[in-house]
Amino acid sequence: MMMVIIGAIAGALLSGIVWHIYYYKREKKLLSHLQEMIDQAVDGTYEMHHFSEDRLSLLENSFKQYLDSSMISEENQKEQKRAIQELISDIAHQTLTPISNLRIYSELLLEDGKCDSGLVQTVAEEVDKLDFLIQSLVKLSRMESGIISVHPAETSVQELFAQLSNQYRLKAEQKNITLVMEDCDICAKFDLKWSVEAVGNIVDNVIKYTGQGGKVSITAQKYSFFVRIDITDNGIGIEAEEIPKIFARFYRSFEVPDKPGVGIGLYLARQIISAQKGYMKVASQKGEGSTFSVFFPI
């Protein structure tokens, strides 16, 4: 009887070991297959295949369906981006001549002096606003789709300041705003052309919201791993709850409906700076002014 019991126990143990090895190998194979599918999806080499459910476990089949749908969704998004890019490019191309003609006719009407100069000037300003909007949309769509890319390199911050001064000193003088740019011998890693575009959008914005006789200062400071550029004004300032919103595309504060702009300059600036592994932050006090800080890696 004892031998029978021992034999039964040994048989049960042996059977358990066999089943354990079987399921262990099956689970190991399943996990290996799932890991392979994940790796292919991450590398972008995953291809959709048709499997019958009897060949795959329920988990594998569910995961396969998820990856398939994700790949289709990603491809649809890429196709939509391409379509939007083509549409914006077509719009920019088709409106180039009409905008140029409108600008020329506005200048001719101003020189003629027979029309209300205020109305003609308003038309000219709206034409400039439309041109800026279209060009900004083209730049954004090309950057987001990867057609335009930034190429950061070690560059003098002073060169950045010099180009900003050339572009915005006259605009500041027209509002009797003192534009101060600190001399410095600091270098950082950024794309000069696109950084002039990005920081220039910020400078243009602070000049716009700084009153007559105000002051805008641009300074640079070097830290261990980055260079900080501060654009500071003593303008109208920003409400605390609005600060997270000002970098949104087409966002315009309800408090300044009379100011020119389309709400895309700061969004474009942040996109350009982020593409260079930099970042931005804002500190502001309502009625006292704002400081926009741009950080570029060294």
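Test Y168 against the stated conditions and say whether it is of a type in the set (F, W, Y), modelled with pLDDT under 90 and either part of a strand (DSSP E or B) or touching a helix residue (DSSP H, G or I) at 6+ places or on another chain (Cβ under 6 Å) (or both). Judged against the criteria, Y168 is not a match.
Restricting I231, I246, I202 to residues that are within 24 Å of L140 (Cα to Cα) and either modelled with pLDDT under 85 or of a type in the set (D, E) (or both) narrows the list to I246. If the condition is being open to solvent by less than 20 Å² (accessible area, probe 1.4 Å) and under 24 Å from the mean Cα position of the chain (by Cα), then segment 177-190 contributes A188, F190. In segment 180-200, the residues that are basic (K, R) form Cβ pairs under 7 Å with partners that are open to solvent by less than 20 Å² (accessible area, probe 1.4 Å), at six or more places apart or across chains, as follows: K189/F296. Going through (1) assigned to a helix (DSSP H, G or I); (2) exposed (fewer than 15 other Cβ atoms within 10 Å of the Cβ) one by one, H151 falls short only on (1). Considering only segment 159-176, I want to know if a residue exists there that is loosely packed, with under 12 Cβ neighbours inside 10 Å and farther than 24 Å from Q212 by Cβ. So far as segment 159-176 goes, no, none of its residues is loosely packed, with under 12 Cβ neighbours inside 10 Å and farther than 24 Å from Q212 by Cβ. Restricting the first member to segment 225-244 and to residues that are farther than 19 Å from G214 by Cα, and the second to residues that are open to solvent by 60 Å² or more (accessible area, probe 1.4 Å) and of a type in the set (D, E), the beta-carbon pairs closer than 9 Å and six or more apart or on different chains are E239/E255; E242/E255.
Can you tell me which residue within segment 275-291, out of those that are among the polar types (S, T, N, Q) and at pLDDT below 90, is farthest from V150 (Cα to Cα)? Here the answer is Q285. Looking at this structure, is D131 exposed (fewer than 13 other Cβ atoms within 10 Å of the Cβ) and either at pLDDT below 75 or farther than 30 Å from K222 by Cα (or both)? It is false that D131 is exposed (fewer than 13 other Cβ atoms within 10 Å of the Cβ) and either at pLDDT below 75 or farther than 30 Å from K222 by Cα (or both).
Here is the figure for segment 94-108: residues that are modelled with pLDDT of 75 or more and either open to solvent by less than 70 Å² (accessible area, probe 1.4 Å) or closer than 17 Å to I134 by Cβ (or both) total 8. Selection of segment 134-165 for residues being of a type in the set (S, T, Y), under 23 Å from the mean Cα position of the chain (by Cα) and modelled with pLDDT of 75 or more yields S149, T155.
The values are calculated or read from the model by the stated rules, or taken from the named source; none is laboratory data. Bear in mind that the values here come from a model prediction, so they are computed numbers and not experimental data. For neighbour counting, all protein chains shown are included, and Cβ atoms are generated from backbone atoms with ideal geometry for every residue, glycine included. Surface accessibility is based on the protein's heavy atoms, side chains included, excluding ligands, DNA and RNA. Shrake-Rupley method; radii C 1.70, N 1.55, O 1.52, S 1.80 Å.
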